[in-house]
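Student: One structure, pasted below without further comment.
Just so you know, all these numbers are worked out from the coordinates, no wet-lab data involved. Predicted, not measured: the structure shown is a model, and the values here were computed from it. We place every Cβ from the backbone using ideal geometry, glycine too, and count neighbours over all the protein chains shown.
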Ligand code: SF4
Ligand code: SF4
């Protein structure tokens, strides 16, 4: 049964740009399965949150789908071997989020057999309770595949803790070159529709919407033949960055996510189409997240979408599409608007890598002073003041950047795109966000040290009072009054306390 699009009233988000797109380079070609590389490098932090903890040792053999690192904490997910082989090292590699930072990784030498670990599929996902479904999705290592990398189970758990009105499945791909969501929808529409129903069950959402951009007619048709009246399918205008979480919510519902807040605060949960497909696959086939669609485009011989095993190098992906290294070109991970220039193409594809782009059109023009034209303000979809944010970011005035809502900036690049002075606005916001994170970490350490110092001083004052012969104190005023009654001098009292602590520590070690 097919279901025609409901005439949902659509709204406009502020700012944004109508960009020339280059999706036609890749969106009509079938995706290719990338051959097995010589080496698989799996970073232990492919998501937002705590890095995973290794469960394997160098020299061990592993099977495809085997859990090789476990989640550490609530906002974390496990990592699985994307093929069978031998662990040749547990080392470090540059982080895709910040290439100046090294993060731990597990390196596998594939044995070529692609032999599977034992899988445990669930036939009827509607028969299991939402909490169990959330655990299965967490154990499969599923994270947001639109690029953000937020662990999927966290959004689902937060969803069940609060009543969810609407689940939105985001198929709005607004970056000019990226078409991996378009291809995923065309090739795996059944997974996406079933995955949407599964996620709806996992959070018990009342309504469910799948949104695609109006320039994705084939993807729309592929979904439209499969949905029933439990899911609403909506085309949204192709305006950058309509696929941003807050922007798409505005377009579909007219509601605004409050500054510093999350969609769940207004009863909405959003997942990417790739996440829905991966969640469905993981539960019904038992396969954890091991591969993803990646658009490889730009100045290459045969731009197209690849199905890539996680941990495959960018250089191996580029080889599949006829890449020739040229002096005036760079490789970007992500799209031209939000992506990052990568300096080392041996970096691995991770759960959040949606695109690899080879381009010569990058901003080489010299930065000029801001002329206060205000063009950046007009296009900012987050209603920020980009020129002021820039000035305070460069001046490292962290109080002011926070007051100007730096963390509402989605790094869409609209401001930099229109800036006549070629100011590298987004880089300065990214640096400011790092500066704030470093400051907050240092501040937390300082606060911790201060509390320890104050507690120590307070205890030493109690000890001084306890042995002050001129003072008569009650146990209410000083808890140490009845402690170690037999000890008469201060030094022996402190020594006895130190011994007790040592004994306690030794006992813990023995256990
Ligand atoms: S990068 Fe940030 S400041 Fe610039 S337009 Fe986008 S949201 Fe606004
Ligand atoms: S667009 Fe560039 S020059 Fe114009 S106000 Fe913004 S930062 Fe300044």
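Student: Compute the Cα gyration tensor for the range 315-369, then decide on rounded, prolate or oblate, letting a ≥ b ≥ c be the square roots of its eigenvalues: rounded whenever a/c is under 1.5, prolate when a/b is larger than b/c in the other cases, and oblate in all that remain.
Tutor: oblate
Student: Want the number for residue 301 to residue 395: 0.36 nm per residue separation, take away the alpha-carbon distance, what's left?
Tutor: Length gained between residue 301 and residue 395: 29.5 nm.
Student: Using r as the Cβ-Cβ distance of residue 118 and residue 450, and R0 as 41 Å, what FRET efficiency do you calculate, to the nearest 0.05?
Tutor: Once the sixth-power term is evaluated, E becomes 0.20.
Student: Sticking with this structure for a sec: For the range 313-355 and the range 168-233, compute the distance between their C-alpha centroids and round to whole Å.
Tutor: If you average the Cα positions of each part, the centres end up 27 Å apart.
Student: Compute the long axis of helix 152-161 from its Cα atoms, compare it with the longest principal axis of the Cα atoms of the chain, and write down the angle in degrees, 0 to 90, nearest 10.
Tutor: Helix 152-161 sits roughly 70 degrees off the main axis of the chain.
Student: At a Förster distance of 45 Å, what's the computed FRET efficiency of residue 388 paired with residue 91, Cβ-Cβ distance as r, to 0.05?
Tutor: 0.60
Student: On to the next question. Can you give me the convex hull volume of the Cα atoms of the range 44-154, divided per residue and expressed in Å³?
Tutor: Spelled out: Cα convex hull of the range 44-154, divided by residues, is 113 Å³.
Student: Helix 130-139 versus the longest principal axis of the chain: what angle, 0 to 90°, nearest 10, using Cα atoms?
Tutor: So the inclination is approximately 90 degrees.
Student: Moving to a separate point now. Which value, in Å³ per residue, describes the convex hull spanned by the Cα atoms of the range 268-308?
Tutor: Measuring per residue, one finds 80 Å³ for the Cα hull of the range 268-308.
Student: Also: Given Cα pairs under 8 Å that are at least 6 residues apart, what percent is the relative contact order of the chain?
Tutor: 16
Student: Quick check of the Kirkwood formula: for the range 334-394, what is the inverse mean of 1/r over all pairs of different Cα atoms, in Å?
Tutor: 14.7
Student: Right, here's the next one. Would you mind computing, in nm to one decimal, how far apart the modelled labels at residue 371 and residue 494 are, each placed 7 Å from Cα along Cα→Cβ?
Tutor: 7.0
Student: Using a ≥ b ≥ c from the Cα gyration tensor of the range 110-221 (square roots of the eigenvalues), is it rounded, prolate or oblate, where a/c under 1.5 gives rounded and otherwise the larger of a/b and b/c decides, a/b for prolate?
Tutor: It comes out oblate by the Cα gyration axes.
Student: Per DSSP H run of n ≥ 4, the term is -39500 (n - 2.57); total these for the chain, divide by its residue number, and report the mean residue ellipticity at 222 nm rounded to 500 deg cm²/dmol.
Tutor: -10500 deg cm²/dmol
Student: Report the gain in length on full extension from residue 327 to residue 20: 0.36 nm times residue separation, minus Cα-Cα distance, nm rounded to one decimal.
Tutor: 108.0 nm
Student: Please report the base-10 log of the normalised intensity I(q)/I(0) for the chain, using a Debye sum with one equal scatterer per alpha carbon and no solvent, at each q in 0.05, 0.10, 0.11 (1/Å).
Tutor: Summing over Cα pairs of the chain leads to -0.25, -0.84, -0.97.
Student: Round to the nearest 10 and give me the degree value, 0 to 90, for the angle of helix 273-284's Cα axis relative to the longest principal axis of the chain.
Tutor: Tilt of helix 273-284: around 70 degrees.
Student: Does the range 208-265 come out rounded, prolate or oblate by the C-alpha gyration tensor, with a ≥ b ≥ c the root eigenvalues, rounded set by a/c under 1.5 and, if not, prolate when a/b is larger than b/c and oblate if not?
Tutor: Oblate, because a/c is 1.5 or more while a/b does not exceed b/c.
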